[in-house]
Amino acid sequence: MSEKKTHGFPALFSFFIPGLGQLVKGQILKAIGIWVALIICWFLQFILIGYVLGFIIWVWQIYDAYND
């Protein structure tokens, strides 16, 4: 039997809490990497590049949580 995959829930989780969708899918290292990248972006916001990079990472991780 084929396993039914739900892509929308991990993407929805990641929309509200970055990395949570990857964590739900069992991709623990990827979730930790997202959290580390967003922490770095938080520090880079003081020189304004963090806003752009943070947004790019946020959008990418939602897309990644949706796709398997």
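Laboratory data are not the source of any read-out in this text; all were calculated from the coordinates shown. Predicted, not measured: the structure shown is a model, and the values here were computed from it. Backbone-built Cβ (ideal geometry, glycine too); neighbour counts: all protein chains shown.
Taking 29, 53, 20 as the candidate residues, the one with maximal mean-square fluctuation in a Gaussian network model of the chain, Cα springs under 10 Å, is 29. Taking a sphere under 15 Å around the Cβ of residue 33 and counting the other residues whose Cβ falls inside, with K and R at +1 and D and E at -1, yields a net charge of +1.
Enter the angle in degrees (range 0 to 90, nearest 10) between the Cα long axis of helix 49-66 and the first principal axis of the Cα atoms of the chain, meaning the one along which they spread out most. Here the helix axis deviates by roughly 0 degrees.
How big is the C-alpha Rg of the chain next to the rule-of-thumb value 2.2 N^0.38 Å, as a ratio? Don't skip to the end; give the middle numbers.
On the way: Rg = 13.1 Å, N = 68, 2.2 N^0.38 = 10.9 Å.
Scaled against compact globular proteins, the figure is 1.19.
Each helix, a run of at least 4 DSSP H residues, gives -39500 (n - 2.57); summed and divided by the residues of the chain, these come to -22500 deg cm²/dmol at 222 nm. Seen against the Cα atoms of the chain and their longest principal axis, helix 28-44 is set at about 20 degrees.
Highest GNM mean-square fluctuation among 33, 54, 19, for the chain modelled with Cα contacts below 10 Å: 33.
List the relative contact order of the chain as a percent without decimals, with contacts defined as Cα pairs under 8 Å and 6+ residues apart.
Numbers: 73 pairs, mean separation 26.1, N = 68.
Averaging sequence separation for qualifying contacts and normalising by length gives 38 percent for the chain.
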